[in-house]
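**Student:** Mind having a look at this structure? Questions to follow.
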C-alpha cells in the first residue's frame, strides 16, 4: 500500500526509483508533543535510525491550508539534531515548515542530513515497517517537497 505524504502534488505518486538518493529508505515515525509551538524531542535508539528516514509527527499538518500553519510552530531541538547527525540518520521528515536558514537547518544540512518539510498524514503510518521515498525539487535547502510517499510492506 502506498500513502502520499505531501500537500502539493495533486495525488500523483511516482514509481520508486532506486537511482534517487531518497528512494525506499527504511523509515520510522516518532511522535512529538502535539500541534503547539514546542521544541521537538523524540526518543530513538541510534541503531534504529542509522541510514534511515526519521519522520517526526507533531500534528501541525492539521493546520495546513490555514494562516496558522505559517505561524511559529514546532522546531527541532539542538540536542535532537546532534543525535540525528551522530546516529547517521539519512533523511529527516517533519510535518511543519522549517524556518528559513536557521541554525538547526544549517547543522543538519552540514551534517549531510536533508530535511523534508510539510509532510502530512504521518499519523496514518505504522511506527516502523515501511519505506519512505521523496523526490526533491532541485537545488533547494531544506528539500522542498515535490513528491513524498510511504510504501507499507
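The values are calculated or read from the model by the stated rules, or taken from the named source; none is laboratory data. Since the structure is predicted, the reported quantities are computational estimates derived from the model, not experimental observations. Every residue, glycine as well, gets a Cβ built from its backbone with ideal geometry; the counts of neighbours run over all protein chains shown.
**Student:** Could you check residue 69 against (1) modelled with pLDDT of 85 or more; (2) surrounded by fewer than 17 Cβ atoms within 10 Å (Cβ to Cβ); (3) in a helix (DSSP H, G or I) and say which number it fails?
**Tutor:** (2)
**Student:** Of the numbered conditions (1) under 17 Å from residue 75 (Cα atoms); (2) under 14 Å from the mean Cα position of the chain (by Cα); (3) at pLDDT 60 or above, residue 107 fails exactly one; give the number of that condition.
**Tutor:** It fails just one condition, (2).
**Student:** Select from the range 122-140 the residues that are over 17 Å from residue 51 (Cβ atoms) and either surrounded by fewer than 17 Cβ atoms within 10 Å (Cβ to Cβ) or at pLDDT below 90 (or both) and list them in ascending order.
**Tutor:** 123, 124, 126, 127, 135, 136, 137, 138, 139, 140, listed by residue number.
**Student:** Looking at 5, 54, which one is at pLDDT below 90, buried (at least 17 other Cβ atoms within 10 Å of the Cβ) and either within 17 Å of the chain's Cα centre (by Cα) or over 19 Å from residue 95 (Cβ atoms) (or both)? Don't jump to the end; show me each part of the working.
**Tutor:** Numbers: 54 fails: at pLDDT below 90.
Being at pLDDT below 90, buried (at least 17 other Cβ atoms within 10 Å of the Cβ) and either within 17 Å of the chain's Cα centre (by Cα) or over 19 Å from residue 95 (Cβ atoms) (or both) holds for just one of 5, 54, which is 5.
**Student:** OK, next. Name the one entry in 98, 116 that is buried (at least 20 other Cβ atoms within 10 Å of the Cβ), farther than 22 Å from residue 24 by Cα and at pLDDT below 90.
**Tutor:** Values: 116 fails: farther than 22 Å from residue 24 by Cα.
Result: 98 is the single residue among 98, 116 that is buried (at least 20 other Cβ atoms within 10 Å of the Cβ), farther than 22 Å from residue 24 by Cα and at pLDDT below 90.
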